[in-house]
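Chemist: Quick one: the structure is below, questions incoming.
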Amino acid sequence: MERRSTGLVDAVRIDVARLHATWMELAFPRQLDPGRVVGKWTPETTPQRVAYSLWAAIGVPLVAVGYPLLLCGFAARFYARRVDSAATRLGVVGVVLVSILAWGLLTVAAWVREFSTGGLIAVGAAGAVATVAAAVAVGASRAGGRGTSVLVAYPAAVTAFLLPPVVAALYSPALAEVVFPGTTTLAVWILDGPLAVGGLNDLIRARFDLRGTAYVLMWIGISVPVGWLFGVLVALADVVRPERDRASGARF
């Protein structure tokens, strides 16, 4: 038990040091994993030492705030790698076929249970949205590097999870009674909170009514930044603790 506790403390210490080194590398060269020959860059002149010390001091509170986010990045990477591994084995075509099969079975189940025409359309529309978003996520992940994954793959993956219920609610009154009131409450919180800066919330309220397809657009608008956030956290986790280093640190 003591050995495990010591190992966890050491892993946290290493992660924090690498996170601070990542911050330092934004302004100074060769701070994170410097090569054995070149070595870590160190300031030589007095102005360089002052700037180096100030930048290091600024990074301390940022690291304190950023480390919990880094832990979220480790968790997100853990699940993202497993989803990515399954998608790799299936390929884009396989993911599309599995999604079509799953949503097709749900549509058949809805037909057997004698759903209304609107209910059948709701299930079909949700399945179409999920299938397209999943295909885009897998394709972007396979086609590009880290930047493409962060900008495209993660937002598409989040969209594949969040958007189908909203699309289905457009055609299903029963589902609409559950989805739309919660969406309205969330929209009010976003407008009165993060988007209240500079009167942006008043501009949005004056130009848009939250009904019909506006719900879909709203959730797309949420899915994209949430996907970017997940992508950035996973990328940060890869920088601070690359996959090859997992065996030497604590498991998250």
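Chemist: Looking at region 200-217 only, could you name the residues that are touching a residue at least 40 places away in the same chain (Cβ under 8 Å) and within 14 Å of Val188 (Cβ to Cβ)?
Modeler: Hit for region 200-217 is Tyr215, nothing else.
Chemist: Right, here's the next one. Which ones in region 162-208 are of a type in the set (Phe, Trp, Tyr) and modelled with pLDDT of 80 or more?
Modeler: Once the filter is applied, which keeps residues that are of a type in the set (Phe, Trp, Tyr) and modelled with pLDDT of 80 or more, region 162-208 yields Phe180, Trp189.
Chemist: Output the residue which, of all residues in region 209-223 that are β-branched (Val, Ile, Thr) and surrounded by 14 or more Cβ atoms within 10 Å (Cβ to Cβ), is farthest from the chain's Cα centre (by Cα).
Modeler: So the residue we want is Val216.
Chemist: With closer than 30 Å to Pro164 by Cα and at pLDDT 85 or above as the only criterion, which of Leu97, Leu71, Leu19, Leu54 stands out?
Modeler: Going through Leu97, Leu71, Leu19, Leu54 in turn, the sole match is Leu71.
Chemist: Search region 38-53 for residues being in a helix (DSSP H, G or I) and among the hydrophobic types (A, V, I, L, M, F, W, C), and hand back the single one that is nearest to the chain's Cα centre (by Cα).
Modeler: Step by step, filter region 38-53, then rank; the result is Ala51.
Conditions tested, residue by residue: (1) closer than 23 Å to Arg77 by Cα; (2) buried (at least 16 other Cβ atoms within 10 Å of the Cβ); (3) touching a His at 6+ places or on another chain (Cβ under 9 Å).
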site: Val123; (1), (2), (3): no, yes, no
site: Leu175; (1), (2), (3): no, yes, no
site: Ala196; (1), (2), (3): no, no, no
site: Arg207; (1), (2), (3): no, no, no
site: Pro225; (1), (2), (3): yes, no, no
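Chemist: Take the conditions at pLDDT below 70, surrounded by 13 or more Cβ atoms within 10 Å (Cβ to Cβ), out of contact with any Leu (no Cβ under 7 Å at 6 or more places or on another chain) and at positive phi and apply them to Gly91. Does it pass?
Modeler: In short, yes.
Chemist: Taking Gly104 and the conditions (1) under 30 Å from Ala126 (Cβ atoms); (2) modelled with pLDDT of 75 or more, which numbered condition does it fall short on, given that it satisfies the others?
Modeler: With (1) under 30 Å from Ala126 (Cβ atoms); (2) modelled with pLDDT of 75 or more applied to Gly104, the lone miss is (2).
Chemist: Hey, another quick one. So if I check each of Ala76, Ala86, which one is surrounded by 11 or more Cβ atoms within 10 Å (Cβ to Cβ), at pLDDT below 75 and aliphatic (A, V, I, L, M)?
Modeler: Ala86
The values are calculated or read from the model by the stated rules, or taken from the named source; none is laboratory data. Just so it is clear, the structure is predicted and the values come from calculations on it, not from any experiment. No Cβ is skipped: glycine too gets one built from the backbone with ideal geometry, and neighbour counts run over all protein chains shown.
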